[in-house]
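The values are calculated or read from the model by the stated rules, or taken from the named source; none is laboratory data. Every value quoted in this text rests on a predicted model; they were computed, and no experiment measured them. All Cβ positions, glycine included, derive from the backbone under ideal geometry; neighbour counts span all protein chains shown.
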Amino acid sequence: MIDLDAYFRRIGYDGPAPPVLETLDAIMEAHVRAVPFENLDVLLGHGVSLAPDALQDKLVARRRGGYCFEQNGLLLLVLQALGFTVAPLSARVRYQRPRDFTPPRTHLFLRVTIAGVPWAADVGVGSMSLTSPIRLDVEAEQATRHESRRIRWEDGRFFHQVRLGGDWHDVLEFTGEEMPPIDRELANWYTSAHPQSHFRHRLVVARALRDGGRIALLNREVSVRDRQGVAATRELATPDALLDVLARDFGLRLPRDTRFPDDVLGWASPAASTD
């Protein structure tokens with residue numbers, strides 16, 4: 001059983017919780033600001049469990065973050081406990097990937113049906129995580145608290161797209177197929193353990209900001225993006241500077257002796273921190 005009171009404290013939500021659109025909207029916004037997307041356990045060689053107790057312990061009790069199977073897995077438990085009609089769907093992440101490349105089907109997001117209308121809820125797609133639900137049954141542009149989104153139907157597939165500046169970019173490709181627990185377990189193993197998983201080769205952390213912007217960390221580069229998609233970046237120079245940013249900007253407090261693989265971070269020999 002999910003501890004809803006503990007979850008609501010974790011995300012800082014104290015509003016009403018009937019299974020209606022306003023509740024879904026408020027929970028998603030609070031979740032994406034409070035619970036960062038991150039793959040730190042993959043790089044540290046720790047296992048990633050999708051068991052309900054493990055999700056609650058890591059993301060709620062220990063105040064860590066996680067990637068899609070953890071983030072949306074936890075949200076699935078919360079929404080089910082609140083009485084929403086919700087289904088887990090599979091997808092391929094296409095952000096910054098060309099259409100002629102086929103990424104693995106290793107993404108989980110949620111379809112939440114309210115008064116007969118299907119909505120997408122996705123708090124686990126990194127710096128593209130939704131801060132508001134979007135309708136799955138219309139192709140028109142939809143505003144969110146952050147970037148505008150739309151759902152397009154092309155060549156027998158749906159594409160979730162984001163508008164950054166004046167351009168539309170693919171975020172996800174999906175068919176509407178549900179993703180049962182066994183498929184999530186297999187995809188989670190690939191994501192966390194397969195040598196070719198991109199999460200084994202780069203450090204990724206992201207969180208939404210209250211003002212419509214986002215902050216992200218990719219390896220040693222910190223990026224703060226405003227709601228128009230304009231980003232300011234800086235590079236961290238030392239492992240201690242990285243730990244400071246994780247704690248201060250993402251709420252991820254790790255032991256001071258934590259070190260990530262050198263082949264991922266590529267630290268130079270001693271340099272002054274730029275943090």
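Restricted to the range 212-223, and to residues there that are surrounded by fewer than 20 Cβ atoms within 10 Å (Cβ to Cβ) and in a loop (DSSP other than H, G, I, E, B), the residue that is modelled with the highest pLDDT is Asn219.
Residues that are under 24 Å from Trp189 (Cβ atoms) and of a type in the set (D, E, K, R) within the range 86-110 comprise Arg92, Arg94, Arg97, Arg105, listed in sequence order.
Taking each residue of the range 224-247 that is within 18 Å of Ser129 (Cβ to Cβ) and looking for partners that are at pLDDT below 90 and of a type in the set (D, E, K, R) with beta-carbon atoms closer than 9 Å, six or more apart or interchain, yields Asp226/Asp211; Arg227/Asp211; Ala231/Arg225. Can you find even one residue in the range 166-173 that is of a type in the set (Val, Ile, Thr) and part of a helix (DSSP H, G or I)? Within the range 166-173, not a single residue is of a type in the set (Val, Ile, Thr) and part of a helix (DSSP H, G or I). The number of residues in the range 190-211 that are among the polar types (S, T, N, Q), surrounded by 12 or more Cβ atoms within 10 Å (Cβ to Cβ) and assigned to a loop (DSSP other than H, G, I, E, B) comes to 1.
The C-beta contact set for the range 128-143 (first residue within 15 Å of His31 (Cβ to Cβ), second residue hydroxyl-bearing (Ser, Thr, Tyr) and not in a strand (DSSP E or B), distance under 7 angstrom, 6+ apart or interchain) comprises Met128/Tyr95; Leu130/Thr144; Thr131/Thr144; Ser132/Thr144. Within the range 121-138, the set of residues being under 8 Å from the mean Cα position of the chain (by Cα) and among the hydroxyl-bearing types (Ser, Thr, Tyr) comprises Ser127, Ser129.
Each row is one residue, and each column tells you yes or no for (1) touching a helix residue (DSSP H, G or I) at 6+ places or on another chain (Cβ under 7 Å); (2) among the charged types (D, E, K, R); (3) farther than 23 Å from Arg150 by Cβ.
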position	(1), (2), (3)
Asp183	no, yes, yes
Tyr190	no, no, yes
Arg207	yes, yes, yes
Thr233	no, no, yes
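Inclusion of Ala187 among residues that are assigned to a strand (DSSP E or B), crowded, with 19+ Cβ neighbours inside 10 Å and either among the aliphatic types (A, V, I, L, M) or modelled with pLDDT of 95 or more (or both) is not warranted. Scanning the range 147-162 for residues that are crowded, with 17+ Cβ neighbours inside 10 Å and either part of a strand (DSSP E or B) or at pLDDT 95 or above (or both) returns Arg149, Arg150, Ile151, Phe158, Phe159, His160, Gln161, Val162.
When Thr274 is tested against (1) of a type in the set (Val, Ile, Thr); (2) more than 30 Å from Glu154 (Cβ to Cβ); (3) modelled with pLDDT of 95 or more, just one condition goes unmet, and that condition is (3).
Residues in the range 6-23 that are at pLDDT 95 or above and of a type outside the set (D, E, K, R): Ala6, Tyr7, Phe8, Ile11, Gly12, Tyr13, Ala17, Pro18, Pro19, Val20, Leu21, Thr23.
A count restricted to the range 65-117 and to residues that are part of a loop (DSSP other than H, G, I, E, B) and either surrounded by 22 or more Cβ atoms within 10 Å (Cβ to Cβ) or on the phi < 0 side of the Ramachandran plot (or both) stands at 15. Screening His194, His198 for residues that are over 16 Å from the mean Cα position of the chain (by Cα) and within 30 Å of Gly266 (Cβ to Cβ) leaves exactly one candidate, His194. Kindly provide the set of residues from the range 4-28 that are of a type in the set (Asp, Glu) and either in contact with a helix residue (DSSP H, G or I) (Cβ under 9 Å, 6 or more places away or on another chain) or under 19 Å from Leu55 (Cα atoms) (or both), ordered by number. The answer is Asp5, Asp14.
Taken over the range 142-173, the criterion of being among the aliphatic types (A, V, I, L, M) and within 19 Å of Arg111 (Cα to Cα) is satisfied by Ala143, Ile151, Val162, Val171, Leu172.
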